[in-house]
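Only one structure is covered here, and it is reproduced in the block below.
Only the coordinates and a few stated rules stand behind these numbers; no lab work does. In this text, all values refer to a predicted model and were calculated from it rather than measured experimentally. Virtual Cβ from ideal backbone geometry, glycine too; neighbours counted across all protein chains shown.
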Amino acid sequence: MKESTKPMRTEAVTAGFFESKTWGKKYPKVQLLTIAELLAGKKIEMPPIKQVEATFKKAEKFKGEKGEQLKLSEGTDK
């Protein structure tokens, strides 16, 4: 609800940056935003979410034989 203090800003800057090799850009690790800034539409600097999700490959479905479910008393070493 209040503006950030000088020690807060110093701490945020000293946290450094995250470098996205995918997007070729650096993003601050710690970002200070006030409620007023958020309500005014300011956003957190970060890589795009939708495109990041699209870069992951989907795992192949398991095509092996189905196993049998063990009973509670089976499969124990006791």
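Couple of notes before you dig in:
- Where labels lie 7 Å past Cα in the beta-carbon direction, separation of I49 and E3 in nm: 3.1
- Among residues other than E37 with Cβ under 11 Å from its Cβ, the summed charge is +1 (Lys and Arg +1, Asp and Glu -1).
- Packing-based ranking, highest mean first, of 21-33, 60-72 given that Cβ atoms within 10 Å are counted: 21-33, 60-72
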